[in-house]
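Read through the structure below, which is laid out as structure tokens, and then see the notes.
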Amino acid sequence: PRSEDRPTDYAREDRSAELEQRHTHPQPFSKHADDKELNAEQRRKSRWGDPINAFRPSAETARSAFVAPPNRYGIEAGPRWDGVDRSNGFEARLFASRNRRTAMAADAHRLSVQDL
């Protein structure tokens, strides 16, 4: 095929037309709060720590392909984690003892109110 028929050339032409339009219609030097284009551009940007990011669908959040074991800090596995648990088993024992203690407390409460 000819080089004019390739989609990359069309994209390049669109981009050059957009740049040319920007240069032929220069924007004012000063920006105001009611500038619609500036407001739209700023709304599209995602900023770190912005609370609205929790409600926006985002393809930027990468997750691990593996299910991580729970940890006491609630930290999720990163996207580069290889799925190997390299711990010495402390946190697994910690969660087991917490669960055992909670179950014993629930049983003790159930037995204490059983005759009421």
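Structure notes:
- Given (1) modelled with pLDDT of 75 or more; (2) surrounded by 10 or more Cβ atoms within 10 Å (Cβ to Cβ); (3) polar (S, T, N, Q); (4) part of a loop (DSSP other than H, G, I, E, B), index of the condition N53 fails: (4)
- Residue check for P70: modelled with pLDDT under 90, touching a helix residue (DSSP H, G or I) at 6+ places or on another chain (Cβ under 9 Å) and open to solvent by 70 Å² or more (accessible area, probe 1.4 Å): yes
- Residue that is at pLDDT 65 or above and open to solvent by 100 Å² or more (accessible area, probe 1.4 Å), where the choices are Q21, Q42: Q21
- Every residue from the stretch 1-18 that is modelled with pLDDT of 75 or more and of a type in the set (A, V, I, L, M): A17
- Which numbered condition V113 fails, given (1) over 20 Å from the mean Cα position of the chain (by Cα); (2) surrounded by 10 or more Cβ atoms within 10 Å (Cβ to Cβ): (2)
- Filter result for E91 (surrounded by 10 or more Cβ atoms within 10 Å (Cβ to Cβ), at pLDDT below 85 and not in a loop (DSSP other than H, G, I, E, B)): no
- Matching option when the condition is part of a loop (DSSP other than H, G, I, E, B) and at pLDDT 85 or above, among Q114, Q27: Q114
The values are calculated or read from the model by the stated rules, or taken from the named source; none is laboratory data. Just so it is clear, the structure is predicted and the values come from calculations on it, not from any experiment. Cβ atoms come from the backbone with ideal geometry, glycine included; neighbour counts cover every protein chain shown. The protein model used for the area step is the full one, side chains on, heavy atoms only, and it has no ligands, DNA or RNA in it. Shrake-Rupley method; radii C 1.70, N 1.55, O 1.52, S 1.80 Å.
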